[in-house]
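Some notes on the structure that comes next.
The values are calculated or read from the model by the stated rules, or taken from the named source; none is laboratory data. This is a predicted model, so every value here is computed, not measured. Reconstructed Cβ throughout: ideal geometry from the backbone, glycine too, with neighbour counts over all protein chains shown. Surface areas here come from the heavy atoms of the whole protein model, side chains and all, with no ligands, DNA or RNA. Shrake-Rupley method; radii C 1.70, N 1.55, O 1.52, S 1.80 Å.
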Protein chains: 2
Amino acid sequence: MPGRVRDAAATQAELLAAARRRFGTDGYERTTIRAVAGDVGVDAALVIRYFGSKQGLFTRAADLDLGIPDLTGVRAGDLSKVLVDRFFAVWEDDDTFLALLRAAATSEVAAEAMRDVFAGQVGPALAAVTDDRAPERAALVGATVLGFALARYVLRLPPLVDMTRDQAQAWLGPTLRHYLLD
Amino acid sequence: MPGRVRDAAATQAELLAAARRRFGTDGYERTTIRAVAGDVGVDAALVIRYFGSKQGLFTRAADLDLGIPDLTGVRAGDLSKVLVDRFFAVWEDDDTFLALLRAAATSEVAAEAMRDVFAGQVGPALAAVTDDRAPERAALVGATVLGFALARYVLRLPPLVDMTRDQAQAWLGPTLRHYLLD
DNA sequence: GTTCCAAGTCATCAGTCGATGACCCAGGAG
DNA sequence: CTCCTGGGTCATCGACTGATGACTTGGAAC
């Protein structure tokens, strides 16, 4: 683009969006700073200037808010529906979580970021609705959700790719209820 | 080792074992041929000579047999126990499956290898015990198992790392039964 | 003991990557 | 119009990677 607007904030936002896309499809190692910069039409050195390093870029790009609502007062029967809805919103709206998952498979810092997400967001959210053993239950819910996402979005197992949200809801609902309430 | 035995078959086996270890801990991209060769005490060029390329080394290293027994005649109540036992045998005995999982997160060929495992081993094994919708059920079982493995061995979520086999059995059992029989 | 093939090594290439630091220039302030 | 700050570029470095091909050497066969 010859007519690039010289706006640092906007450029940074574009870079982060491009980074999420790249990290989400290629993973951490195969994503290059040059490629991310190229997607935005900018020099690679600028990325380093803004984010310090590739690791810094990733950290910023993988900053994640699951947006789990307050579950206090949600009826037990509706819990899994709320969670599955959140699941699809988080996984299909943008590539942030996908980037984090792909990277976490091979990068310890990404794995730690993932652990922080569960400890800081999933755990507390579920603590409002389960009695004891909240961390254990949160981890099991996390494993379920990550497994489904891995199989559907990363491995692309055909039966799961073809599954509608309602079907997924029907299958995952009892499982989540089991982990939350039994 | 100055006194290396000049035995191609043995060296190849050592290289494959080292490759599985490296791929399993570092993932595909961060594993270098030099490192694998170094682990065995051999020159990197030899790896190329034997396996053609890094991709060829991985393909050979990730060749996997889940060893799922014939489930015909296994009582419904025992199914999940058999499967969870197999799970731990496969995941904790060697690093092959871990290598495949880590690699599948960022490599399309590894993802395809994983799909082949499910289509060729998990699906058929479960078809012997479920009526219809065997592929869908197999995929859900796979998602469950992979999610648990991802959370326990890759992300190392503390509650799952600390979980004993019996506890895992107690949690996963009803879930697998749900996917197989409901 | 000589031969000879396969096991293993060595030097090296071509490419790519993250990162650095000097530089250029658009555009608002005065 | 001029100045000058900061957004953006350019050239380049050093390290590392997968891969190649010519080379050396161990050891069984005879």
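Checking the conditions here, which among B:155, B:181, B:140, B:176 is at pLDDT 95 or above, over 18 Å from the mean Cα position of the chain (by Cα) and at negative phi?
Exactly one of B:155, B:181, B:140, B:176 is at pLDDT 95 or above, over 18 Å from the mean Cα position of the chain (by Cα) and at negative phi, namely B:176.
Tally time: how many residues in the range B:1-34 are in a loop (DSSP other than H, G, I, E, B) and at pLDDT below 95?
Number satisfying all stated conditions: 7.
Just give me the residues in the range B:18-28 being more than 14 Å from residue B:56 (Cα to Cα) and in contact with an Asp or Glu (Cβ under 9 Å, 6 or more places away or on another chain), in sequence order.
Residues satisfying the conditions are B:18, B:21, B:22, B:24, B:25, B:27.
What tally of residues in the range B:56-76 results from selecting those that are part of a helix (DSSP H, G or I), away from chain A (no Cβ under 14 Å) and either open to solvent by 30 Å² or more (accessible area, probe 1.4 Å) or more than 9 Å from DNA strand D (Cβ to nearest atom) (or both)?
The number of residues fulfilling the criteria is 4.
Among the residues in the range B:91-102, are any at the interface with chain A (Cβ under 9 Å from one of its Cβ atoms), surrounded by 21 or more Cβ atoms within 10 Å (Cβ to Cβ) and in a helix (DSSP H, G or I)?
Yes, some residue in the range B:91-102 is at the interface with chain A (Cβ under 9 Å from one of its Cβ atoms), surrounded by 21 or more Cβ atoms within 10 Å (Cβ to Cβ) and in a helix (DSSP H, G or I).
Among the residues in the range A:124-136, are any modelled with pLDDT of 95 or more and farther than 30 Å from residue B:28 by Cβ?
Scanning the range A:124-136, I find no residue that is modelled with pLDDT of 95 or more and farther than 30 Å from residue B:28 by Cβ, so the answer is no.
Are there any helices (runs of 4 or more DSSP H) wholly within the range A:129-182 with 2 or more residues that are within 14 Å of residue B:145 (Cα to Cα) and either of a type in the set (A, V, I, L, M) or not assigned by TED's automatic domain parsing to the domain that holds residue A:81 (or both), and if so which?
A:134-149
When the residues of the range B:1-46 are narrowed to those that are within 8 Å of DNA strand D (Cβ to nearest atom) and among the β-branched types (Val, Ile, Thr), which ends up least open to solvent (accessible area, probe 1.4 Å)?
B:31
Which one of the conditions (1) closer than 29 Å to residue A:54 by Cβ; (2) within 7 Å of another protein chain (Cβ to nearest Cβ); (3) open to solvent by less than 10 Å² (accessible area, probe 1.4 Å) does residue A:110 fail to meet, given that it meets all the rest?
Result: residue A:110 fails condition (2) only.
Can you pull out every residue in the range A:129-182 that is open to solvent by 50 Å² or more (accessible area, probe 1.4 Å) and more than 8 Å from chain B (Cβ to nearest Cβ)?
A:131, A:132, A:133, A:161, A:162, A:164, A:165, A:166, A:167, A:170, A:177, A:181
Working only within the range B:1-56, note down all residues that are of a type in the set (Asp, Glu) and near DNA strand C (Cβ under 8 Å from one of its atoms).
Answer for the range B:1-56, where residues must be of a type in the set (Asp, Glu) and near DNA strand C (Cβ under 8 Å from one of its atoms): B:7, B:43.
Name the residue, out of B:87, B:118, that is under 25 Å from residue B:17 (Cα atoms), of a type in the set (Phe, Trp, Tyr) and at pLDDT below 95.
Selected residue: B:118, the only one of B:87, B:118 that is under 25 Å from residue B:17 (Cα atoms), of a type in the set (Phe, Trp, Tyr) and at pLDDT below 95.
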